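The values are calculated or read from the model by the stated rules, or taken from the named source; none is laboratory data. Note that the structure is a prediction, hence the values are computed from the model and not measured. Because the Cβ atoms are built from the backbone with ideal geometry, glycine has one as well, and the counts that use them run over all protein chains shown.
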Amino acid sequence: MTAPTRTAPPVARPALRLTVVPTPQPPLQERTPLRLVEPDRAIPRPVHRPGPPPRQAITGMPADEFGPVRSTRADLPPAVEAGHRLVRTTLEALAGRRPLAHVRDLTSPGIYAALVGGRRPAWCAEGSAPLVVGRMRVCEPVDGVAEISAVAHRGGRAHAVAARLEGIDGRWRCTVLQVG
């Protein structure tokens, strides 16, 4: 005869509780939405919603009192020209053919600091073959923002360059740069 097998009694789970979770949107039909949340679990964070667009310059007031002002597409030069200038100047500075200070006005302070203190790509810093910037693509996903990608050729090899330009104070400034 076999002995009866013992099974552990089922573990009782605490009942679900209702918790009011504030959301960034106005409530639907004047009520705060309720969500079911299990006990001892973190309440989920609301979905990120972008805030209002950046403020524009106030007419009649000097812009330098309020800091940098975002520029619209109508206030900016063509993004293709700014992209070519940025890529060519940056690659020549990384290759040692011009001082890095020439890039300062084209980039944000963080990008400039990274270029000054960072390691230069070996294909950029070594060799004497000419550096040729090939085809460039420009995409403007939002008014006052341009994303560029380019191909740089040196010594028979191709390398990718990508950057994000933002319109600040009536000119394009590089806020993200990747040289591969």
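Tell me, which residue of the stretch 70-92 that is over 18 Å from Met136 (Cβ atoms) and either among the hydrophobic types (A, V, I, L, M, F, W, C) or over 20 Å from the mean Cα position of the chain (by Cα) (or both) is surrounded by the most Cβ atoms within 10 Å (Cβ to Cβ)?
Among them, the one singled out is Asp75.
Only residues in the stretch 168-180 that are at pLDDT 90 or above count as the first member; pair them with residues that are hydroxyl-bearing (Ser, Thr, Tyr) and not in a strand (DSSP E or B), Cβ under 6 angstrom, at least 6 apart or cross-chain, and list the lot.
Arg173/Ser108; Thr175/Ser108
Give the stretch 96-148 a look and list any residue that's part of a loop (DSSP other than H, G, I, E, B) and either charged (D, E, K, R) or in contact (Cβ under 8 Å) with a residue 40 or more places away in the chain (or both), or say none.
Passing the criteria: Arg97, Arg98, Ser108, Arg119, Arg120, Pro121, Glu126, Asp143, Gly144.
Scan the stretch 139-164 for residues that are of a type outside the set (Gly, Ala, Ser) and more than 13 Å from Cys174 (Cβ to Cβ) and report the count.
10
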